[in-house]
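K.L.:
I'd like to ask you about the structure that follows.
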Amino acid sequence: MLFKKIWFMTQEDSAFLRKLIILTAFSIILFFVYSVSEVLKILFFALFLNVLFSPFLNLMNRIKIRDWAWIIIIYLLVILFLIVVFFAIIPIFIKQLNFLFIQIWDSVNNLKSAFEAEWLEWLWIPTYLQWPLESIDFSTILNSIKDNAKDISVYVSDNLKNFLSSWAWVIFSFTAAILQFLLVFIFAFFIALERREVRNFFYRILPEKASKYILSREKTIINTLSNWFRWQVILGISMFFATLIWLLVIRLFWIRINEFFSLALISWMMEFIPYIWPFIAFLPALALSTAFWLKWVVIITILYLVLQQTENNLLVPYIMSRTLSLSPFAVLLWMVTWASLLWVIWIILAIPVVSVIQILLDDYFKNKKAVKWINSPEA
């Protein structure tokens, strides 16, 4: 007589199996998210652009203007701005590269002349070592180097291949960044055309409580982001004209920097990078001034210090106090964390993202305090 052993799943086995299934599903989801992380980044930026411009597009709809017309106009303005920036900034780098090559060439010629004339004295070799060195036949050493030129050329060619391969990676990364930039605007264009359907789909896939909460705070979040963008543009334009005017003023004192428009444009662009923008905007001006006298360096440094203090003490309190009140530590922490994990462009989104997080955290802590008060004996 055969007895068949029947295995019954206990409650512990069922709980373990359920946890194993959840862990496996979570791992698969993480792997999928990692695989499509680039697409998710592009989608996030496209949605962010739509949130920024949706109040403007809704306003245009009220006066019977189609979405696609204004989207194309906005894109053309963005492309025009990027072209102006490109042709304004590139001359600075070209000028500095030319200056660098001229300096290197002059240094090499001076080095060659000094070496041919009195190379022992030029190298600061002590007198007691000059006589032994003069007795050395350097022509023999040079001939030996020529004989081993083949090995040297092989070594140089191998390193040159590595150098070119690294530059190929740089070119590939730059091309990929341009493609991602274009995809962001393409995604944003089609999302803007169907933004109401996308919004409804977003609320349908969320849990009911989360959907109700975000719907109740949607207007506040959109207004916060739109106000940030509007006042950031105003602040950038203010710094553009302030930098432009001051650079024109110092021309009266024979400090003639011809790239004043480019430097003012850089100050405008760097306004979108919070807290560290003065240092970044100061570097091109410092590079241009170091090509001349020390007096130029001192005056340019003082000028940018004045601009930075003007912004911090006058413009930012007046403009940004109307929109946001954020902790600098929270913004800097977000900038450093996400720039190291994802794109450097996340630095630009530090303030709006921290603003949204602050809204959510404020509501969370208020709700928590309200629950504690209701459950307290005093209630």
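Please treat every number below as a calculation from the coordinates, not as lab data. Just so it is clear, the structure is predicted and the values come from calculations on it, not from any experiment. Cβ sites come from the backbone with ideal geometry, for glycine too, and all protein chains shown count toward neighbours.
K.L.:
Let's test the formula: R0 of 30 Å, r as the Cβ-Cβ distance of GLU38 and GLN308. What FRET efficiency results, to the nearest 0.05? Write out the running numbers ahead of the final one.
P.N.:
Values: r = 36 Å, r/R0 = 1.20.
E(calc), rounded to 0.05, equals 0.25.
K.L.:
Longer than 27 Å from Cα to Cα, which of LYS64/LYS212; LYS19/LYS368; LYS64/LYS219; LYS19/LYS209 are they? Say none if no pair is.
P.N.:
On the way: LYS64/LYS212 31 Å; LYS19/LYS368 30 Å; LYS64/LYS219 22 Å; LYS19/LYS209 25 Å.
Listed pairs above 27 Å: LYS64/LYS212; LYS19/LYS368.
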